Amino acid sequence: MPHFSNKKLIILLVSVIFLVALIGFSLRDRHNATLPEKIIKDTVGFAHSLVAKPANYITGIFSNIDSLLNTYEENQRLKMRLEDFAVLKAEVSTLKAENSSLRELASIEESLRDFDPIQATVIARNPDQWEEKIILNKGTADGVEKNMAVMTSRGLVGKIVIATPYTSEVELLYTNNENYRVSAVVHDEKNREIHGLVEGYDVERNELLLKRLDSKVDLKEGGKVLSSGLGGIFPKGILIGEITEVTTDDFGLTKMAYVKPAADFSMIEHVIIAKRKTISVDGSDGGSTNEDLVNGPADENEGDE
């Protein structure tokens, strides 16, 4: 085996002693670092900072990208929820409006004593005849016939002019048809009934014309114009509109009034068709005698058995 020389052995022992002393010196409780410690700590700290800054920068970039992706996804989810909320809000508003309209229609049904009301919905409207005609979803299969009156919860709107098995066409009061007339009545200041005819409308004023009024009557603005029921088509007492102005006709023999319609013709959705009730006769006297009043008295021998 090789032997260490005395010189090498002495250097090794001195080195060990110096290392042990250095370790003991470093482990004791001190408040100040030695110069070598400062150099080593500063060197290690500088090296850590060189490595940490790029690592933190790259980590921050990935973190920002992840945050952006999460923000985008969250934004998309919020947009979808807002769209769903908008649709739901619109549906609620529509249902509220339909509910209110149907409630008003139900109250009108109670006033149609001599008629069987048929509820219908507007399914089409010709843009070229927006103010003149509408199409309903009820026809002859539901009992609808030509010349039946049509009204909304606010007032009279027109009458049936064409009826098919499953649809019907309504000519509105705003029509240009010169032969379209509605027998109407309005009360004067003394509560007397003044009769006239609603025929035609003023395009510029967007109002109906109540004509053939007696020149001696004194009508005021604000008077309610109602259907008189004399024509046999429109029920009596249905509101048509309100008088806005009274003037004389072209010849000065009668008076004419401008009437603002009670119904909104641009927003018609649900209507009531007034079907006149029919009285059927079954031929019996109703007195439990079973006597045929149409073909004469029954044979006396019948009924004895």
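Coordinate-derived values only; no laboratory data. These numbers come from a predicted model, not from an experiment. Reconstructed Cβ throughout: ideal geometry from the backbone, glycine too, with neighbour counts over all protein chains shown.
Once the other residues with Cβ under 9 Å from the Cβ of Val185 are scored (Lys, Arg +1; Asp, Glu -1), what is the net sum?
Values: positive: Lys236; negative: Glu193.
Net of charged neighbours comes to 0.
For Phe18 and Ile123, calculate 0.36 nm times their separation in residues minus their Cα-Cα distance, and state this gained length in nm to one decimal.
27.2 nm
If the limit is 28 Å between Cα atoms, which of Lys159/Lys216; Lys133/Lys260; Lys159/Lys190 go over it?
Lys159/Lys216; Lys159/Lys190
Provide the gained length on full extension for the span Asn176 to Ile58, in nm with one decimal, where the gain is 0.36 nm per separating residue minus the Cα-Cα distance.
So the chain would gain 34.7 nm between Asn176 and Ile58.
Show me, for segment 218-230, the HN-Hα J-couplings you get by feeding each phi into the Karplus relation (A = 6.51, B = -1.76, C = 1.60, θ = phi - 60°), rounded to Hz, glycine and proline as x.
10, 9, 10, 5, x, x, 7, 9, 10, 6, 8, x, 6
Identify the trypsin sites (Lys or Arg not before Pro) of segment 155-200 meeting these criteria: DSSP loop state and at most 16 other C-beta atoms within 10 Å of the C-beta.
Arg181, Lys190, Arg192
Simple spin-label model, 7 Å along Cα-to-Cβ: Leu68 to Arg205 in nm?
Reported label-point gap for Leu68 and Arg205 is 6.7 nm.
Over the Cα atoms of segment 198-259, what Rg and Dmax result, in angstrom?
That works out to 11.7, 31 Å for Rg and Dmax.
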